[in-house]
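**Q** My structure is below; once you've seen it, I'll send some questions.
The values are calculated or read from the model by the stated rules, or taken from the named source; none is laboratory data. Only a predicted model underlies this, so the values are computations on that prediction, with no experimental measurement involved. Heads up, the Cβs are rebuilt from the backbone with ideal geometry, glycines too, and the neighbour counts pull from every protein chain shown.
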């Protein structure tokens, strides 16, 4: 028997129907020897559970042998298929439905096929391994028929790895209805990288800034470089210094750069909160 199929007994019913359903979806097949539809439905469910490779557990329950459980769950006809999550029925059907309808019902309750790829990628990102996460996200993006949400996440990883052209190509396909805060953050990151790519090297700029601290053009270029090397506080402090001297410096470019940098860092960053407050005080 498949490792993803289990026969329900009086002894294991609590573990299978309640405890196991807290870990993954449990599909309960209520069957009986005398039911002709069961002879069609049960093999189909067994094929599907193997195809889904453990995404759900198929629990086969002999209705004649386990009448108390049948009655407790309110099953009135055989065959019945009941979907359990967290110890509770979340969906069901009676009779031998066509395979396409069964698949559609399962897909309502199972994670998308590409969700495992995204989970793996997120774990790698948490470990600081964006390079390994990238191909998984590309695969998920393709498998999801280029979902906007996955595309935006992919673009952010591409930007982190300085693949600006690829990120821009993906972001350009995002429809207006899907342009959420995460999209705006990615666009701000892209603009920052485009601007920084045209700046002199960081060390040269630091030397020039040390020699000419009053030169706001050098300070602004250095701020761009700092923003791309993770020195966000240094970048924001330089930009704030420029704005204190000239709020409209370079036709408002300094103010725009500071706002783009704050947007790229996203909400919840303590540096963002601090410098948003400082900028607000300066502006108003």
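**Q** Give region 86-140 a look and list any residue that's surrounded by 15 or more Cβ atoms within 10 Å (Cβ to Cβ), under 16 Å from the mean Cα position of the chain (by Cα) and more than 22 Å from residue 51 (Cα to Cα), or say none.
**A** 121, 124, 125, 130, 133, 134, 137, 138, listed by residue number.
**Q** Of everything in region 109-130, what is touching a strand residue (DSSP E or B) at 6+ places or on another chain (Cβ under 7 Å) and assigned to a helix (DSSP H, G or I)? Give them in sequence order. Before the answer, list the steps.
**A** Here is the first cut: in region 109-130, the residues touching a strand residue (DSSP E or B) at 6+ places or on another chain (Cβ under 7 Å) are 109-110.
Within region 109-130, just 109 meets the criteria.
**Q** Collect the residues in region 11-43 that are under 10 Å from residue 61 (Cα atoms) and either more than 35 Å from the chain's Cα centre (by Cα) or at pLDDT below 95 (or both), keeping them in residue-number order.
**A** 13, 30, 31, 32 - these are the residues of region 11-43 that are under 10 Å from residue 61 (Cα atoms) and either more than 35 Å from the chain's Cα centre (by Cα) or at pLDDT below 95 (or both).
**Q** Could we say that residue 81 is surrounded by 13 or more Cβ atoms within 10 Å (Cβ to Cβ), under 30 Å from residue 143 (Cα atoms) and under 26 Å from the mean Cα position of the chain (by Cα) here? Let's see the steps before the verdict.
**A** Values: surrounded by 13 or more Cβ atoms within 10 Å (Cβ to Cβ): yes; under 30 Å from residue 143 (Cα atoms): yes; under 26 Å from the mean Cα position of the chain (by Cα): no.
Judged against the criteria, residue 81 is not a match.
**Q** Take residue 70 and tell me if it is assigned by TED's automatic domain parsing to the domain that holds residue 13, crowded, with 18+ Cβ neighbours inside 10 Å and part of a loop (DSSP other than H, G, I, E, B). Before the answer, list the steps.
**A** Details: assigned by TED's automatic domain parsing to the domain that holds residue 13: yes; crowded, with 18+ Cβ neighbours inside 10 Å: yes; part of a loop (DSSP other than H, G, I, E, B): no.
For residue 70, the condition - assigned by TED's automatic domain parsing to the domain that holds residue 13, crowded, with 18+ Cβ neighbours inside 10 Å and part of a loop (DSSP other than H, G, I, E, B) - is not met.
**Q** Among the numbered criteria (1) in contact (Cβ under 8 Å) with a residue 24 or more places away in the chain; (2) under 20 Å from residue 182 (Cα atoms); (3) assigned to a loop (DSSP other than H, G, I, E, B), which single criterion is violated by residue 159?
**A** (3)
**Q** Looking at region 141-156 only, could you name the residues that are in a helix (DSSP H, G or I) and either assigned by TED's automatic domain parsing to the domain that holds residue 264 or buried (at least 17 other Cβ atoms within 10 Å of the Cβ) (or both)? Reasoning before the result, please.
**A** Step one: list which residues in region 141-156 are in a helix (DSSP H, G or I), which gives 141-143, 148-156.
Within region 141-156, 141, 148, 150, 151, 152, 153, 154, 155, 156 qualify.
**Q** Out of 277, 244, 233, which single residue is exposed (fewer than 12 other Cβ atoms within 10 Å of the Cβ), touching a helix residue (DSSP H, G or I) at 6+ places or on another chain (Cβ under 8 Å) and either modelled with pLDDT of 95 or more or farther than 30 Å from residue 141 by Cβ (or both)?
**A** On the way: 277 fails: touching a helix residue (DSSP H, G or I) at 6+ places or on another chain (Cβ under 8 Å); 233 fails: exposed (fewer than 12 other Cβ atoms within 10 Å of the Cβ).
From the options 277, 244, 233, the qualifying one is 244.
**Q** Filter region 18-58 down to residues that are surrounded by 12 or more Cβ atoms within 10 Å (Cβ to Cβ) and either over 22 Å from residue 110 (Cβ atoms) or touching a helix residue (DSSP H, G or I) at 6+ places or on another chain (Cβ under 8 Å) (or both), then give me how many there are.
**A** 20
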